[in-house]
Amino acid sequence: ETGVTQTPRHLVMGMTNKKSLKCEQHLGHNAMYWYKQSAKKPLELMFVYNFKEQTENNSVPSRFSPECPNSSHLFLHLHTLQPEDSALYLCASSQGGQGSYEQYFGPGTRLTVT
Amino acid sequence: GDSVTQMEGPVTLSEEAFLTINCTYTATGYPSLFWYVQYPGEGLQLLLKATKADDKGSNKGFEATYRKETTSFHLEKGSVQVSDSAVYFCALSDPHAGGTSYGKLTFGQGTILTVHP
């Protein structure tokens, strides 16, 4: 499945590092999403972009900074993270605008903060 | 607000057993309903969907029927295989949600399924 790709697949970073996660979708969609998946916790929606505009920020700490330069690319910039930020970060995309559209997910980036 | 409740897991079955994973929802409108599956080390994959009452979604031997009267969307498979071992998520999307809510999926907590040979 190459519809939604994420890089890197695995990332280990120290608490003082700065890194970025990248997501790219090849499906012609206009909405993109970042989710956080932690062990034994429900899937958490972090950010939503519709037509490159951020339409949702679910009280995410400022150490996570999203960027959506165009409808095909989505980044998550990370800085001064905490160990509790270790999780699987999933990107997804769907058709944009109002409606009920399924989301297509990437394979995720497994992040470990040391 | 909208919510999705799945049966508690984990679920452990022998190969060829019948599978049911219960899912119920609350929503203010008439949502679309989805089942996603997550295999170990991977992201979520759409398994099946239904967009209106009495619709049946099906894929890879899995089925689920949109029951408006009981607000349910239970996942079933007649004969599971070891390769079906994964985490299953029920989700809904409200097509008429306004403001910043359109396009959002509300997920259940996930049900871990393990199938033994």
What residue, of B:Asp55, B:Asp94, is over 25 Å from A:Leu90 (Cβ atoms), within 14 Å of chain A (Cβ to nearest Cβ) and surrounded by 14 or more Cβ atoms within 10 Å (Cβ to Cβ)? B:Asp55
Exception for B:Tyr88 within (1) within 12 Å of chain A (Cβ to nearest Cβ); (2) at pLDDT 95 or above; (3) open to solvent by less than 20 Å² (accessible area, probe 1.4 Å) falls at (1)
Flagged in the range A:66-81 as in contact (Cβ under 8 Å) with a residue 60 or more places away in the chain and either within 10 Å of the chain's Cα centre (by Cα) or surrounded by 15 or more Cβ atoms within 10 Å (Cβ to Cβ) (or both), in numbering order, are A:Leu78, A:His79, A:Leu81
Yes or no: A:Glu102 over 14 Å from A:Leu21 (Cβ atoms), more than 9 Å from every other protein chain (Cβ to nearest Cβ) and not aromatic (Phe, Trp, Tyr)? no
Which ones in the range A:10-48 are among the small types (Gly, Ala, Ser) and over 13 Å from the mean Cα position of the chain (by Cα)? A:Gly14, A:Gly28, A:Ser38, A:Ala39
Quickly run through the range B:58-80 and pick out the residues that are over 15 Å from the mean Cα position of the chain (by Cα) and surrounded by 14 or more Cβ atoms within 10 Å (Cβ to Cβ). B:Val80
Just to verify a result, which residue in the range B:33-49, among those that are over 20 Å from B:Lys104 (Cβ atoms) and facing chain A (nearest Cβ under 9 Å), is modelled with the lowest pLDDT? B:Gly41
Hits in the range A:11-23 (condition: assigned to a strand (DSSP E or B) and either more than 14 Å from every other protein chain (Cβ to nearest Cβ) or surrounded by fewer than 18 Cβ atoms within 10 Å (Cβ to Cβ) (or both)): A:Leu11, A:Val12, A:Met13, A:Lys18, A:Lys19, A:Ser20, A:Lys22
Restricting to the range A:83-114, give me the number of residues that are open to solvent by 50 Å² or more (accessible area, probe 1.4 Å) and either at pLDDT below 95 or of a type in the set (Val, Ile, Thr) (or both). 8
Which numbered condition trips up B:Gly29, out of (1) assigned to a loop (DSSP other than H, G, I, E, B); (2) touching a strand residue (DSSP E or B) at 6+ places or on another chain (Cβ under 8 Å); (3) not aromatic (Phe, Trp, Tyr)? (2)
Can you tell me which residues in the range B:1-23 are part of a loop (DSSP other than H, G, I, E, B) and open to solvent by 50 Å² or more (accessible area, probe 1.4 Å)? B:Gly1, B:Asp2, B:Met7, B:Glu8, B:Pro10, B:Glu15, B:Glu16, B:Phe18, B:Asn22
Name the residue that is modelled with the lowest pLDDT, counting only residues in the range A:31-45 that are facing another protein chain (nearest Cβ under 10 Å) and surrounded by fewer than 19 Cβ atoms within 10 Å (Cβ to Cβ). A:Lys40
Restricting the search to the range A:46-65, which residues are surrounded by 20 or more Cβ atoms within 10 Å (Cβ to Cβ) and at the interface with chain B (Cβ under 9 Å from one of its Cβ atoms)? A:Val48, A:Asn50
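The values are calculated or read from the model by the stated rules, or taken from the named source; none is laboratory data. The model shown is predicted, which means the values in this text are computed figures rather than measured ones. Here the Cβ is made from the backbone with ideal geometry for all residues, glycine too, and neighbour counts use every protein chain on show. Accessible surface is based on the protein model in full, side chains and every heavy atom, while ligands, DNA and RNA are left aside. Shrake-Rupley method; radii C 1.70, N 1.55, O 1.52, S 1.80 Å.
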